[in-house]
Amino acid sequence: MRNIDILCVGEVLIDFIGHQNDVLINGTRDYHRYLGGSPANVAMNCKRLGLNSTMVAAVGKDGFGEYVLKRLDEIGIDTKHIKKLDNKATSVIFVSKSNGTPDFIPYRDADCAISEEQITAEMLAATKIYHTTCFALSKKPAQTTILNKAAEAFKSGCKLSIDLNYAKELWSNREEALEVIKTYCKYNPLIKISDDDMFRFFEKELSHEEIFNFFHNLGVETVCLTLGSKGVKLSQKEKEVIQLPAIKIEKVMDTTGAGDAFWSGFLFAYIKEKPIEECLQVALKLAALKLQNVGRLPDNINVLSKLL
């Protein structure tokens, strides 16, 4: 029986988000601490929506690691698959508070130390969705672990998922990123990308059709392209592209984590076997809620789960 709704494999870390609004890091005077990391955000959001989510990650045996474990435990996420390391520090990222794509500086150590013994065959056999990120794939040994276990997950009947949140600062070179992404795409994951991610990845402006075709040609059935304030487009092979507008909000408080909120909503509805357009509608609602809150989503996100 597949009783793990979503297995999130990748970075859990500390986000220091700037307190001054809409300035880059060079103009930020002070920061507030938040639990961060895209897979961790997805795991926490899905747990709070009522799903059974499991997190596989690595932190240091330090004060930040203790904070991470405490926060995950408060939400009800089992931390037994999170490795605690004596010789590495919990990874930290400084992020500007922005109405657009935030500026960031990563200080990485423990997050990339995920090893294969953390993910057993029994776990994969019990998992519905195996989810990771481009960030998590950018550095070994986590990269090797995630790709090897993705192959096992695919063979065991899991649906795969990835947020292709590409940033060249995290990779040794773009060619490596391309090969790793191609390898993961062989397993036909649900893909979430943003127009910003794709501009950074391709290093030029491509049409949405070109972006969709690139991934479809790699064997990917479903590609979801988020367009910020312009909403979202979703392409499924040999089907008409679905486009939905963003939900209008009066004031954007913080964009950090909005993509994670969107994808959490999408995967939540997907696991509930809702039609693909409804998955997008739930995703847009959760993203709009996140944009109105600094740090994590508010506690009342479980009201969405009651709508399905």
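The values are calculated or read from the model by the stated rules, or taken from the named source; none is laboratory data. Because the structure is a prediction, the values reported are computed rather than measured. Ideal geometry is used to build each Cβ from the backbone, glycine not excepted, and the neighbour counts take in all protein chains shown. Just so you know, the surface numbers come from the protein's heavy atoms only, side chains and all, with ligands and any DNA or RNA stripped out. Shrake-Rupley method; radii C 1.70, N 1.55, O 1.52, S 1.80 Å.
Worth pointing out:
- For residue 58, the residues whose amide H sits under 5 Å from its own are 12, 83, ignoring neighbours fewer than 5 places away on the same chain, with H placed 1.01 Å from N.
- GNM top mover of 161, 229, 194 - the chain, alpha-carbon springs below 10 Å: 229
- Over segment 1-91: Kirkwood hydrodynamic radius from C-alpha pairwise inverse distances, Å: 14.0 Å
- Greater than 21 Å apart at Cα, pairs in 47/230; 204/290; 128/272: 47/230; 204/290
- Qualifying aspartates and glutamates (Cα of each under 15 Å from Cα of residue 139; at least 8 residues distant if same chain): 11, 109, 111, 116, 169, 175, 176, 179
- Per-atom-type breakdown for segment 4-306 gives carbon and sulfur 49% of the accessible area (1.4 Å probe, protein chains only).
- Using a Gaussian network model of the chain in which every pair of alpha carbons under 10 angstrom is joined by a spring, one finds that among 55, 44, 198 the greatest mean-square fluctuation is at 198.
- Whole-Å distance, taken between Cα centres, linking segment 1-80 and segment 119-171: 17 Å
- Applying 0.36 nm per residue to the separation of residue 240 and residue 204 and subtracting their alpha-carbon distance, the gain on full extension is 10.4 nm.
- Per-residue Karplus couplings for segment 241-246, computed as 6.51 cos²θ - 1.76 cosθ + 1.60 with θ equal to phi - 60°, are listed in order as 5, 9, 10, 10, x, 5 Hz, Gly and Pro entered as x.
- Mean residue ellipticity (222 nm) of the chain, computed from DSSP H runs ≥ 4 via -39,500 (n - 2.57), nearest 500: -10500 deg cm²/dmol
- Cross-link partners of residue 140 among lysines (Cα-Cα below 18 Å; sequence separation of 8 or more within a chain): 83, 84, 88, 149, 168, 182
- Here each label is just a point 7 Å from Cα along the line to Cβ, and for residue 183 and residue 218 those points are 1.3 nm apart.
- Normalised contact order of segment 4-306, rounded percent, pairs of Cα under 8 Å and 6 or more residues apart: 16 percent
- The chain, accessible area per residue, ligands and nucleic acids excluded (1.4 Å, Å²): 44 Å²
- In plain terms, if you count all Cα to Cα distances in segment 4-306 and split them into 20 Å steps from zero, the share in each step is 36, 61, 3 percent.
- Candidates 238, 176, 116, ranked by Gaussian network fluctuation over the chain, Cα under 10 Å, top entry: 238
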